[in-house]
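The values are calculated or read from the model by the stated rules, or taken from the named source; none is laboratory data. Please read these numbers as outputs of a predicted model, since none were measured by experiment. Quick reminder, even Gly has a Cβ in these numbers, built from the backbone with ideal geometry, and neighbours come from all protein chains shown.
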Amino acid sequence: MPLLQIIDDDPGIAELIAAYADAWHWQSTTSASLAQALQQAEQAPPDVIVLDWQLPDSTGLRSLEKLRHLTAVPILVLTVNDKEADIIRALQQNADDYVVKPFSPGQVMARLNALLHRSRTEAAAAKSASWTFMDLEIDMERHQVRQGGVLLDLTPLEYDLMSAMARAPGRVWTREELLRRIWGDVGEAFDRAVDAEVARFRRKLHDSPDDPRYIETVRGVGYRWREESARNASL
């Protein structure tokens with residue numbers, strides 16, 4: 001039975017989500033502050049987290065940073081602020097999805113279920129797959145990538161981006177697909193977040209967009225992992 005950790009100082013919201021979690025046959029714990037949440041997460045590691053963006057003892061970005069030091073499980077952020085810049089910052093800080101208040105608790109549970117399914121699917125795949133692409137060695141179990149034997153310092157978002165595309169060489173990924181696949185459903189308004197992430201990842205790979213070895217830009221559509229890179233791959 002999945003364990004959901006609900007971090008929200010509004011008891012009405014926490015009780016509502018907990019009731020829906022119970023109806024979905026999930027267990028749940030509730031925390032009204034970041035300090036309490038961190039202690040609970042250590043004692044009973046959750047499978048998924050719902051995080052209120054504003055807590056009495058913490059800001060949203062600080063909460064995400066502290067939680068990410070403790071756990072890599074999916075985090076869905078609840079926020080009353082639908083400003084694009086704040087949402088992009090949350091996603092870049094490794095939130096997995098977000099919902100703006102007021103919200104449908106049924107939709108929240110559906111999103112959490114999707115995050116849990118994705119997390120478990122990726123964990124199972126990570127334990128059974130390691131491969132190489134040209135001079136890249138990808139260790140799915142350890143979430144590590146080496147280039148020419150040198151360990152690359154990749155963020156979780158960069159690793160997820162590479163993992164999604166490298167698993168399907170030659171497939172064209174639209175920006176919207178990558179957004180849903182990596183960050184959740186945030187819509188076309190955040191296309192530039194994908195472009196910025198790809199640009200940072202390319203720099204770490206020393207991969208020129210004008211003469212790419214790994215990631216090709218499909219003008220007006222999105223990106224793809226080059227099939228030529230995969231021809232020498234071992235799975």
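Side notes on the structure shown:
- The range 89-113, subset among the aliphatic types (A, V, I, L, M), crowded, with 18+ Cβ neighbours inside 10 Å and without any contact (Cβ under 8 Å) to a residue 40 or more places away in the chain, residue farthest from I182 (Cα to Cα): V99
- Qualifying residue in the range 89-99 (condition: over 28 Å from Y159 (Cα atoms) and either out of contact with any strand residue (DSSP E or B) (no Cβ under 9 Å at 6 or more places or on another chain) or at pLDDT below 95 (or both)): no
- Every condition in (1) modelled with pLDDT under 90; (2) not in a loop (DSSP other than H, G, I, E, B) is met by L112 except one, and the failing one is (1).
- Of the residues making up the range 55-80, just one is loosely packed, with under 15 Cβ neighbours inside 10 Å and among the polar types (S, T, N, Q), namely T59.
- A search for C-beta distances below 7 Å between a residue of the range 192-208 that is without any contact (Cβ under 8 Å) to a residue 12 or more places away in the chain and any residue that is part of a loop (DSSP other than H, G, I, E, B), counting only pairs 6+ apart in sequence or on different chains, returns D207/R213; D207/Y214.
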